[in-house]
Each structure stands twice: as structure tokens, then as C-alpha cells.
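The values are calculated or read from the model by the stated rules, or taken from the named source; none is laboratory data. From a predicted model like this one, the values you see are computed outputs, not experimental measurements. Here Cβ is always computed from backbone atoms with ideal geometry, including for glycine, and neighbour counts include all displayed protein chains. Quick note on the areas: whole protein, heavy atoms, side chains included, nothing else; ligands and nucleic acids left out. Shrake-Rupley method; radii C 1.70, N 1.55, O 1.52, S 1.80 Å.
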Amino acid sequence: MWAELLPVGRSASSGGYRRFAWNSADAECRAWFEQQARSRGLTYELDRNGNQWAWLGDPNGQGAVVTGSHLDSVPDGGAFDGPLGVVSSFAALDELRVRGTEFTRPLAIVNFGDEEGARFGVACIGSRLTAGVLSREAAYELRDADGLRLPDAMEKAGYDPTAIGADDDRLARIGAFVELHVEQGRCLAEGQPVGVAGAIWPHGRWRFDFHGEANHAGTTRIEDRRDPMLTYANTVLAARKKAKLAGALATFGKVAVEPNGTNAIASLVRGWLDSRAADERTLTELVAEIERAAAERGERDGVRVELTRESYTPVVDFDGPLRDRLAKLLDAPVLPTGAGHDAGILASAIPTAMLFVRNPTGVSHSPTEHAEQSDCLAGVAALADVLEDLACQ
């Protein structure tokens, strides 16, 4: 399975993956998922939000145990973030069949769409729509870098966007969701190969618009310039400093410039801030401080600054009894995480948990992201144990 997925959407130049929602690489990944489901005799289903499901047992039964993750990537992302969870889910089912496991509850494997938010700027779109966290109306307003709306991209890819929205009936039939993921850090580096997630830090994405004045780079005096790039650059430095002081995280990882000419002073710079903290108060105060720093510098530079919050996820505490049950079953450590996941989105609606597989370097969202095969196999065995414990009682 791993070998089949490895070349899909991989850039020859960077070695990273460009599997974005509703593009050709995404279509290949979706076809792969459907083939894996059908080859195992599972009932394949596409829900109203474009998420893929593979069912063992009655899809309309109650108390289903669900596992899975996502197959899309960030720009030039790694091979493990998302796909490891999906591949491991199919492998865990294979293992349970070898064991002769008899299930008393329906079991499903899911591939949630557009988890990374690389194309439309909002993470976990598939699970957000399902949980009602993202409304149909708001989803219809999302556009990619070329101005194409989300529903138009779905329709172009052959999917019906008219029914997207909250799927309360589906969630009501799920008793637990367990997502396996490569660790995005190094807490497990010197310990056990598998851990259990405790909570997800609150996090969000904010867009800063720096409005200046376009002009000639070679003829405009320094004192006559209203250069938004200067304000943007100072804001990036301020964000780093203030985040360090707060014990939090702040990253400007995406920028767009107009008119984007080498010999032109920009008229507009857009910078996207990703910020995370251990608690919501710290995060709110940090973003406010970064906004103040941007506004103060903008006043000096003759640049107007606007801030728009594009997405926000409050602190997620995974279901306590389920978390403790899995940690005891696997004799595994409980770990915090600063990364968002579909399991975190669904946590407000159904009991959810996460397993982490050791990442020796801690690198993620990068072509160098890696997990050793022995650790991945340990993750499969752990997931199989968890599914057996949850779906066979």
C-alpha cells in the first residue's frame, strides 16, 4: 500500500507532496482509497461532504468505531502526515482478520477531505463541514489562489457540492473515532514507538493585509515611500519575538504581493499568520500584540493594516475516559500536541482519541518527514489492539 501511494502527487524538484483538495493528485489518492476498500469487500461510501468511508458491518448501525485520517498534503509536505493513518487503518483491519477477530460493532475507515487547507486556506474542511463547525454558506465563499470557489472545484472534480453541510445523523451513529498520526515533534524520540494524545493547543490562522502605495523602485525617494513590505517584514520579526516571550508559536509561512514586480514598490502585501499557544488567553493576547506591533509600524511607514481571522480552533481535550483507556491498554505515554487534526474537530461531537507514531527527527510538513518501518508496524499493531478493544465488546 505504501509503495502505491508514494509517487502520487510527488514533486520531482522538491521531493515533497502537492496533494491539494480536488486536484489530480487528490483524485488519484481517492481512487486508491476506493480500490483498497473494495478489494477487502468493504462497503464503500462517499458522504455529502466528499469524505470517503469504507465500512465493515452495517453503515447505518449504531456505536460504530471509526479510524482513519487524510491523504492531502501541505505544499511540499511529507509522505507520512495523513497517509500513515489511512494506510495503517487498512493494515490494522488486515491484522484483525488474521487474528480471526469477531466484531460486535460496525467498523469504518475514513479519508477526510482537505485536512491541510492548502488550497482554500481553512484546515479540516471535510470534518468541519461534517461537524457543523464550517457552514455551507461559509464554505461556498472559500476561494483558491486562482479565485475558484470551493463548490466549483468540487463540481469540476466530479462531485456534487449542493448537499455539503452538517451531518448530524452520521455522527450520531459513531461511538468513537481514533486517528493514528505520525508524531509532529520528538516526545517519543527516546521512548516508546507509540503514544496517546492528551490535548491539542488552541490555534488559528489570521490574514494581515498591508496596504501601501505602488511606485517605482528606482525613482521614489526613501522618505516618499509607503512600502507595505517594510511593515510586513517588521511584523514577522515582532511575531517571532512576542511568541518566544509568551512561550507560544507564531509563524508567517505564506505571503502574497501585488503587483509583485522586482522594480516596483508593492501596493499590497498579504501575510498569513499561524499562531498556537498552550491556552486560549495566551493565544488571544499574543495575536493582539502582533496586531498592535503591525499597526504601530504601519503608522510610521504610511501603511494601513487590516487583520482578518480566517479560522480558529479552541483548545481540544480528547475524551478523558477513552484517552485513559487507550493509554492503559497500550501502556503508552500521553502527549500534548500543537497541531490540529480531524480528530480535534470531531471531539466536540463524538468521543475521539489519537495515537502518535514516533518521528525520530521531529520534522513534519517537509519532504524529510520520516518514521522508521519498525515504528510504523508498531503503530499498526497498537491500532489493531485499540480497534479490537473498542469494536469487539
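Data overview
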quantity: Positions within region 96-111 being of a type in the set (D, E, K, R) and either buried (at least 19 other Cβ atoms within 10 Å of the Cβ) or touching a Cys at 6+ places or on another chain (Cβ under 8 Å) (or both), in sequence order; calculated: Glu102, Arg105
quantity: Number of the exception - Glu213 against (1) in a loop (DSSP other than H, G, I, E, B); (2) more than 30 Å from Ser374 (Cβ to Cβ); (3) open to solvent by less than 10 Å² (accessible area, probe 1.4 Å); calculated: (3)
quantity: In region 171-195, residue farthest from Gly63 (Cα to Cα) [restricted to those that are among the acidic types (Asp, Glu) and in contact (Cβ under 8 Å) with a residue 24 or more places away in the chain]; calculated: Glu183
quantity: Any hit, region 12-26, residues being under 24 Å from Gln373 (Cβ atoms), among the polar types (S, T, N, Q) and part of a loop (DSSP other than H, G, I, E, B); calculated: yes
quantity: First in region 275-297 and more than 12 Å from Ala238 (Cβ to Cβ) and touching a residue at least 40 places away in the same chain (Cβ under 8 Å), second anywhere and open to solvent by 60 Å² or more (accessible area, probe 1.4 Å) and part of a helix (DSSP H, G or I), Cβ under 9 Å, 6 or more apart; calculated: Ala277/Thr284; Ala277/Glu285
quantity: Residue check for Thr67: more than 23 Å from Thr162 (Cα to Cα), open to solvent by 10 Å² or more (accessible area, probe 1.4 Å) and of a type in the set (Ser, Thr, Tyr); calculated: no
quantity: Cβ pairs under 7 Å, 6+ apart, first in region 33-52 and under 15 Å from Val86 (Cα atoms), second assigned to a strand (DSSP E or B) and open to solvent by 60 Å² or more (accessible area, probe 1.4 Å); calculated: Gln52/Leu46
quantity: Cβ-Cβ under 6 Å pairs, at least 6 apart or on other chains, region 100-118 side in contact (Cβ under 8 Å) with a residue 60 or more places away in the chain, far side part of a strand (DSSP E or B) and open to solvent by 30 Å² or more (accessible area, probe 1.4 Å); calculated: Leu107/Leu56
quantity: Among the residues listed as Val255, Val315, the single one being among the hydrophobic types (A, V, I, L, M, F, W, C), open to solvent by less than 70 Å² (accessible area, probe 1.4 Å) and within 26 Å of the chain's Cα centre (by Cα); calculated: Val315
quantity: Residue in region 40-54 that is part of a strand (DSSP E or B), modelled with pLDDT under 95 and within 24 Å of Ala378 (Cα to Cα) present; calculated: no
